[in-house]
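Take a look at the structure below.
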Amino acid sequence: MIVLTVFLAAQTAMALRCGNLFVEPGVSSAEILASCGEPNSKEVLSTGGRSGAIKERWTYGPKSGYYYLLYFKAGVLEKVASKKK
């Protein structure tokens, strides 16, 4: 029980929430932009080649001591990573 509580507390510390939106894979970049506002930075990682699917990384923060790195493919969030300030 104690291990589960510690694990859940760590997960909560790394979660990004903007208003009522819980930022998680599958959310569109338009939804995140509307709820979270402009990120601190946007970086195009690849232009997609033949598939045309642009990959981007957006950075938000610091918020609650963390920077949040959001990875998008074709305008849909694929992954959220966080790093301590």
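No lab work stands behind these numbers, since they all come straight from the coordinates. Predicted, not measured: the structure shown is a model, and the values here were computed from it. No Cβ is skipped: glycine too gets one built from the backbone with ideal geometry, and neighbour counts run over all protein chains shown.
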- Which order do Leu33, Leu69 fall in if you start with the one that has the fewest other Cβ atoms within 10 Å? Leu33, Leu69
- Note on the structure: Exposure proxy check on Val76, Val23: fewest-to-most Cβ neighbours within 10 Å is Val76, Val23
- For Lys55, the lysines lying under 22 Å Cα to Cα, once residues fewer than eight places off in the same chain are dropped, come out as Lys42, Lys73, Lys79, Lys83
- Per residue of region 42-57, in order, report the coupling 6.51 cos²θ - 1.76 cosθ + 1.60 (Karplus, θ = phi - 60°) as ³J(HN,Hα) in whole Hz, putting x for Gly and Pro. 10, 9, 7, 8, 7, 9, x, x, 5, 6, x, 7, 6, 10, 9, 10
- Task: Using amide H atoms built 1.01 Å from N in the peptide plane, name the residues 5+ places from Ile54, or on other chains, whose amide H lies under 5 Å from its own.
- Result: Ala74
